[in-house]
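One structure is given here, and the rest of the page talks about it.
A short reminder: the numbers here are calculations on the coordinates, not readings from a lab. Not measured: the values here are computed from a predicted model. FYI the Cβ positions are ideal-geometry reconstructions off the backbone, even for glycines, and counts take in every protein chain you see.
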Amino acid sequence: MSVGAEKVGGMPRNLHPARDISARVRREVLDACCAYCGDPFPTEVDHIVPVAQGGTSDRENLAPARSPCNGEKLDFTPEEWKAWRLEMGWCWPPKSRAARIQELVEQYMASA
């Protein structure tokens, strides 16, 4: 970060991902079921590849996620989150959901 760079909420502006998502893109992302569990409950925007790991706020890196899924995923990539859940002895979403997660990651990686 450069000296005197603008901060938002205590974070450098370029590290505050929620501020970088346009209202139109946010609506597009949120108009779907949770990408991770498939539930149709209200969702929030998740960065598939976390900003902390170099992910961007480009549309291709955004997915709808229920708050519990997004909160548990934290700064994991979907693959890391899956490994962590399995290591803890917890289930992972059904294959149909895992395929969608992999598809989202591949789309993002292809656009990067």
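Ordered from longest to shortest, the equivalent ellipsoid semi-axes for the stretch 23-112 are 19, 15, 12 Å, each the square root of 5 times a Cα gyration tensor eigenvalue. Computed extension gain for M109 through E44, at 0.36 nm per residue and net of the alpha carbon distance, reaches 21.2 nm. Treating r as the C-beta distance of W84 and V25 and R0 as 25 Å, the FRET efficiency rounds to 0.35.
Taking 7 Å steps out from each Cα toward its Cβ at A98 and E60 produces label points 2.5 nm apart.
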